[in-house]
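Novice: Mind having a look at this structure? Questions to follow.
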Amino acid sequence: MNYKIIKLSHFQILLLPFWYLVYHYLEPMTNWLVFDAIGMTKGEHLAEALWFFIFEFPKVIMLLMLIIFFVGIVRTFFTPERTRRALAEKKTFTGNIMAAMLGIVTPFCSCSAIPLFLGFVEAGVPLGVTFSFLIAAPMINEVAIILLYGMFGWKVAAIYVGTGLFIAIVAGWVIGLLKLEKWIESWVYEIKVGSNNLDEEQITINKRILMGYDAIKDIVGKVWLYVALGILVGAAAHGYVPEDFMVSLMGKNVWYSVPLSILIGIPLYSNAAGIVPIVSVLIEKGASLGTSLAFMMSVIGLSLPELVILRKVLKMPLILAFVAIVGIGIMIVGYLFNFIF
Amino acid sequence: MEIKILGTGCANCKTLEKVVMNALAEMNITANVEKVEDIQKIMGYGIMRTPGLVINGKVVVSGRIPKIEELKEIITKYNN
């Protein structure tokens with residue numbers, strides 16, 4: 001048994017350089033495949049579209065696998081229980097900043113939004129701080145970060161993380177200032193949260209690594225099709241749709257494009273893997289960065305299914321306040337980036 | 001043995017139930033498996049991530065679906 005584990009880890013060490021080699025030579029390999037092996041002519045629409053897909057799809061999937069693996073390991077150290085303990089009785093603002101950052105690394109699924117909300121409130125985490133967490137957790141998504149990095153470079157990825165944190169911190173802080181506790185359903189306060197000592201369990205490093213592999217299987221298995229479709233749309237648009245197609249709709253000089261994109265984004269529900277390639281097409285065809293960013297944040301940060309789930313614990317005015325405050329935050333970010341770039 | 005599966009009806013909760021049933025069948029163990037979907041009762045176990053697995057009153061898993069091998073180990077450990 002032990003022997004098997006040692007063998008496995010030797011094999012694992014070889015994976016990283018292998019990954020690097022493939023990633024490094026992906027572009028020349030694609031060139032060779034498209035222009036030599038298949039024999040297409042550089043500059044032709046179909047050739048460019050094919051090249052784009054053959055290069056982008058493995059690149060993005062490889063980036064995803066590598067980073068999801070490490071994120072999966074990091075996440076084994078951040079349980080909601082620990083996050084709750086760190087946030088309980090925290091002062092506002094410092095608490096909002098911490099909550100937003102913990103929202104990025106703590107494992108979160110919107111299906112667990114209710115138990116998480118109840119657990120936080122019960123432990124004395126202030127409402128505004130809880131919201132900073134609930135806003136950051138879905139909106140700043142690791143898959144989106146990786147895709148943005150892969151398609152636009154680290155600057156756009158950093159802008160996305162930075163503005164997402166900004167919105168989560170400020171929106172949570174405002175919700176805290178407004179003292180909206182009266183709009184929490186009253187049964188929330190009557191609930192008796194039990195205790196368990198689950199988070200005391202010690203996880204071995206071997207198990208954490210295995211959980212990293214599980215994260216790859218779980219997340220990449222779920223999103224690869226969306227990535228493929230998104231890039232396929234991108235590849236098709238790459239060669240065929242005119243460059244300035246989106247300028248009149250989502251260009252920076254169309255003043256209403258930011259709020260309109262946000263409104264359209266709320267009922268649309270997609271995971272980050274599907275929306276980023278589409279956003280990349282929008283930008284390539286003349287949509288401005290601010291408008292596209294606002295659209296993306298609205299789609300993944302403000303989703304109708306999550307609002308329906310939250311409605312169980314929050315009364316309607318608080319849901320609306322939440323949507324309005326986050327929406328305004330996204331709008332400010334959208335206009336700001338249209339103004340700067 | 002008393003087994004409870006905690007979850008508000010999400011896809012993962014159903015998957016966990018399936019894995020538990022398979023593990024029990026493979027181990028030839030008869031157990032009383034109950035699904036708990038009421039959020040107030042779920043919170044009584046103090047978990048913040050669903051699905052949760054409770055064996056003989058003790059929370060043993062929350063927020064993930066263990067592999068069947070791991071689940072068998074867990075069942076053996078808490079079955080007494």
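Rule-based calculations on the coordinates, nothing more; no lab input. Everything quoted here is computed from the prediction, not taken from an experiment. Note that we place each Cβ from the backbone using ideal geometry, even for glycine, and neighbour counts take in every protein chain shown.
Novice: Could you tell me what percent of the DSSP beta bridges with both partners in the protein assembly as shown are antiparallel, to the nearest 5?
Specialist: So the antiparallel bridges in the protein assembly as shown amount to around 65 percent.
Novice: Okay, next question. With a cut-off of at most 15 other beta carbons within 10 Å, and DSSP calling the residue loop, which chymotrypsin sites (Phe, Trp or Tyr not before Pro) in the stretch A:37-73 qualify? Please list them.
Specialist: Sites meeting the loop and neighbour criteria: none at all.
Novice: Where does helix A:316-340 land angle-wise versus the long Cα axis of chain A, in degrees 0 to 90, nearest 10?
Specialist: So the inclination is approximately 40 degrees.
Novice: Given a cut-off of under 8 Å on Cα pairs at least six residues apart, what relative contact order in percent is computed for the stretch B:2-78? Write down the numbers at each step before the final one.
Specialist: On the way: 114 pairs, mean separation 30.5, N = 77.
40 percent.
Novice: Further question on the same structure: Angle check, please: helix B:68-78 long axis (alpha carbons) against the longest principal axis of chain B (alpha carbons), in degrees 0 to 90, nearest 10.
Specialist: 90
Novice: Just to confirm the filter: which trypsin sites (Lys or Arg not before Pro) across the stretch A:241-319 are DSSP coil and have at most 16 other Cβ within 10 angstrom of their Cβ?
Specialist: Filter output for the stretch A:241-319: A:ARG311, A:LYS312, A:LYS315.
Novice: Quickly work out the A:LYS312-to-A:ALA123 label distance, labels modelled 7 Å from Cα along the C-beta direction, and quote it in nm with one decimal.
Specialist: Each label point lies 7 Å from its Cα, and together they span 2.0 nm.
Novice: Springs between alpha-carbon pairs under 10 angstrom, Gaussian network model over chain A: which of A:LEU116, A:LEU229, A:LEU16 fluctuates most?
Specialist: A:LEU16
Novice: Suppose we flag GluC sites (Glu not before Pro) only when DSSP calls them loop and at most 12 other Cβ atoms lie within 10 Å. Which is the longest uninterrupted stretch of chain A?
Specialist: The segment A:90-200 is the longest one with no such site.
Novice: Distance from the Cα centre of the stretch B:1-52 to that of the stretch A:133-165, in angstrom?
Specialist: Their Cα centres are 34 Å away from one another.
Novice: Evaluate the distance, in nm, between pseudo-label points positioned 7 Å from the Cα of B:ASN28 and of A:GLU27 along their respective Cα→Cβ axes.
Specialist: 6.3
Novice: Return, for the Cα atoms of the stretch B:2-78, the radius of gyration and Dmax in Å, separated by a comma.
Specialist: Considering the stretch B:2-78 through its Cα atoms, Rg and Dmax are 11.3, 33 Å.
Novice: Rounded to the nearest 0.05, what FRET efficiency is calculated for A:TRP19 and B:GLU70 with R0 set to 35 Å and r the Cβ-Cβ distance?
Specialist: 0.80
Novice: Between 0 and 90 degrees, rounded to the nearest ten: what's the tilt of helix A:154-177 against the longest Cα principal axis of chain A?
Specialist: 20
Novice: Are there trypsin sites (Lys or Arg not before Pro) in the stretch A:79-174 that DSSP puts in a loop and that have at most 10 other Cβ atoms within 10 Å, and which ones?
Specialist: A:LYS91
Novice: Residue by residue through the stretch A:179-192, what is 3J(HN,Hα) from phi via Karplus (6.51 cos²θ - 1.76 cosθ + 1.60, θ = phi - 60°)? Round to whole Hz and write x for glycine and proline.
Specialist: Taking θ as phi minus 60°, the curve returns 6, 9, 3, 5, 9, 8, 4, 5, 5, 4, 7, 8, 5, 9 Hz for the stretch A:179-192.
Novice: Given a Förster radius of 22 Å and the C-beta distance between A:ALA324 and A:PHE166 as r, what FRET efficiency does 1/(1 + (r/R0)^6) yield to the nearest 0.05? Don't skip to the end; give the middle numbers.
Specialist: Details: r = 17 Å, r/R0 = 0.77.
Taking R0 as 22 Å, the efficiency between A:ALA324 and A:PHE166 is 0.80.
Novice: In addition: Between A:LYS91 and B:ASN56, what is the label-point separation in nm under the 7 Å Cα-to-beta-carbon projection?
Specialist: 4.8
Novice: Mind jotting down a quarter of the surface of the convex hull over the alpha carbons of chain A, in square nanometres, one decimal?
Specialist: 19.7
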